[in-house]
Amino acid sequence: DSHIQYERVGADVTMKCGSMDWDAAVTWTANGTDIDESHLNGSYLILKNVDLSQSGQYSCYEGSSWHLKYQTYLKVGTPPKEPVLMCRSNNYPKGFYCSWHLPTPTYIPNTFNISVIHGTKDMVCEKDAVPKNRCHIRYLQLFSTVKYKVTLTVTNALGKNYTAVTFDEFAIVKPDPPESVVAKPVPNNPRRLEVSWQNPSSWPDPESFPLKFFLRYRPLILDQWQHVELSDGTSHTITDAYAGKEYIIQVAAKDNDIGTWSDWSVAVHATPWTEEPKHLTTEAQITETTSTSTSSFMAPPTTKICDKGAVVGSGAVAVCWTAGLVVAAYSVLFI
Amino acid sequence: GDSWGIFTFLCAALCNLPALPALNCSEELGAGQSIQQTYDLTRYLEHQLRTLAGTYLNYLGPPFNEPDFTPPRLARAERVPSATVDLDLWRGLTDNARLAANYRAYSRLLCYLRVLDGQVGTAELRHRLAHFCASLQGLVLSIGGVMSSLGYPLPAGPAAPPAPPGAPAAPNDFLKKMDDFWLLKELQTWLWRSAKDFNRLKKKVPPAVVTLRLEARGF
């Protein structure tokens, strides 16, 4: 019959051929390959200072009859090191989740056991199917003064280890990063970029638990970020972008009052609007190119700047007026 | 014994706040604005408390100033009003109940803090506590102002000693320190909770509401 045997890396392993006597003539194989007699002490197989590569199926056969007398599966591994445990509330006030992992692999199966104590009460942390090594808890009470203590024990055939974390309800609040970050150039504004985003979908109640945001942006060619903190709203217009330079933009979120900032969102790239012909695709482009070929006495057409769709912001209005005045001046000259 | 009597007297004297004067300026100050100001005050106090608590816990000494210190809550500590509440219950609170809970809690917490102020050893702590108590009184008045402008009655004042006279004063130094620890903890939690309470109120009470109510009352 078959066995499984767990041994530590570096240990010396002695395998007996079942119930055979010490002086019986046997042959050992490892994964089907014969093992040299030098490793035998009588009918015992001696493996010194085992390493991971020696994991496998070991079989012992009676010398002459080649009967299978004993078989075992050797699994070489290590006892678990202290696990790494992290708890976080990305869905406040619903609850929190804890996730864990081992700093180094053990190469053999491990069992994890998690316990949560709130004051004197034991709470159940429900294990998630996906991802593994994660469990979640629903808050029964809000605004608790009593800390939570989460203990994680990891056990395998070679040993056990544990770690614990203690925290206040408020300390572990950390939303997920904002979603659907979009950055767009603003037509006729070479120094502006319009950024918009959405609350992370995991945050259940932004009405009662509003989020505030932190935006950072820089042109790709520079290392220094610029920052803007926004206490409400899910959009912002950058007004000091360098003309024509491609920007990288990210947003982070935080509960207005408690906890810590989320990780940065996925980065988006955008370049402010420029006057290069290849960027313009409206009728105005055609009028501009045709007008430049006519006589210089002709007043420049006003459609390009004062076009209804293109007028954005007070800067454009001033230009509109200026163009109107220029036309008036020329008209007076011609009268 | 004696110390309990002194405590009771102190509390009664310090907590006899004058009746809140009718706010004449409430017609100009929309309830929405007052709620915003009250919210801002809680944030300011929470910030102040962090420094105050750090100093005070160091004054109490170990283990009170250790980060993971979680002493058991003895029955006596229940005198301090707790911010802890069932989630659904908290969500379902009426505006009146929400404001009243805050008003009551801070009135009592202020009371306890004032007693503390009279007992601490160092001048620095006394100064900090006095400053904090002044700000906290401002918060109580601010909440009262919001309630008045919305037409809600103020909860009965904390004139009576906050605990049954039969309860003994802390029999020893350590238990007294534990009471102080929990007082600061509850205060901190209340300030976190109030930020959320006032966020909710902000959304639900638009400035227009107060003018309608004042008209109805013949202002």
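Computed from backbone phi, the HN-Hα couplings of segment A:201-214 come to 5, 6, 7, x, 9, x, 5, 7, 10, x, 9, 10, 10, 10 Hz, rounded to whole numbers (Karplus: 6.51 cos²θ - 1.76 cosθ + 1.60, θ = phi - 60°; Gly and Pro given as x).
One quarter of the surface of the convex hull around the alpha-carbon atoms of segment A:179-270 equals 6.0 nm², the direction-averaged projected area.
For B:142, A:65, the ranking by accessible surface with the largest value first comes to A:65, B:142, using a 1.4 Å probe.
Listed peptides B:98-111, A:117-130 appear in the order B:98-111, A:117-130 once ranked by packing, highest mean of other Cβ atoms within 10 Å at the front. Over segment A:1-82, calculate the relative contact order: mean separation of alpha carbon pairs under 8 Å at least 6 apart, over the residue count, as a percent. Taking the mean separation of contacting Cα pairs over the length of segment A:1-82, I get 42 percent.
Averaging 1/r over every pair of different alpha carbons in segment A:84-167 and inverting the result gives a Kirkwood radius of 13.6 Å. Computed with a 1.4 Å probe on the full set of protein chains, the accessible area for residue B:128 sits at about 80 Å².
Quantify how much of the Cα-Cα distance distribution of segment A:1-140 extends past 22 Å, in percent. Result: 55 percent of Cα pairs exceed 22 Å.
Here residue A:81 is the anchor, and the lysines within straight C-alpha reach of less than 25 Å, apart from those fewer than 8 places off in the same chain, are A:48, A:127, A:132, A:149, A:160. With all pairs of separate Cα atoms included, segment B:71-149 yields a Kirkwood hydrodynamic radius of 14.4 Å. With Cα atoms as the point set, the radius of gyration and Dmax of segment A:3-77 evaluate to 11.5, 34 Å.
The values are calculated or read from the model by the stated rules, or taken from the named source; none is laboratory data. In this text the structure is predicted, and so the values were computed from the model without any measurement. Here the Cβ is made from the backbone with ideal geometry for all residues, glycine too, and neighbour counts use every protein chain on show. Accessible surface is based on the protein model in full, side chains and every heavy atom, while ligands, DNA and RNA are left aside. Shrake-Rupley method; radii C 1.70, N 1.55, O 1.52, S 1.80 Å.
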